[in-house]
Amino acid sequence: MKIEFDSVKSLNRKSTDIDVRCHKVNDLSILAKFKNLQKLQLRTFKGKDLSFLKELKELRSIVLENVIADNELEDLSSLTSLEVLTIQTPVGWDGSGK
């Protein structure tokens, strides 16, 4: 399901597939409550903290498009079900917002 981040709160917490655009959002910790997520796509997230991902033990696929991660993705190491990791950042994309 493709949504803007503002709509995440209205989603069923049992959702298994979410595609989120996060234009002006710095905190995605609410996504840690979606324990059944198997596929997650994050787009245009500038918040840098992906620590909530370690709570999503059922994740099998993650797409990070235009995402800045200060923790160098170390939180993904606990995701033993993860099969697919896609990281995409187009040439010229500036995550600083300058």
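The values are calculated or read from the model by the stated rules, or taken from the named source; none is laboratory data. Predicted model, so just to flag it, every value in this text is computed and none were measured. Neighbour counts run over all protein chains shown; Cβ positions are idealised from the backbone, glycine included.
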Tell me which residues, restricted to the range 22-44, are more than 17 Å from Leu79 (Cβ to Cβ) and either in a loop (DSSP other than H, G, I, E, B) or in contact (Cβ under 8 Å) with a residue 24 or more places away in the chain (or both). Cys22, His23, Lys24, Val25, Asn26, Asp27, Arg43
Based on what the data block shows, is Ile3 of a type in the set (A, V, I, L, M, F, W, C), at pLDDT 90 or above and assigned to a strand (DSSP E or B)? no
Taking the range 39-81 as the region of interest, how many residues are touching a Gly at 6+ places or on another chain (Cβ under 8 Å) and of a type in the set (D, E, K, R)? 1
Subset of the range 45-58 [modelled with pLDDT of 85 or more and within 14 Å of Ile87 (Cα to Cα)]: Leu50
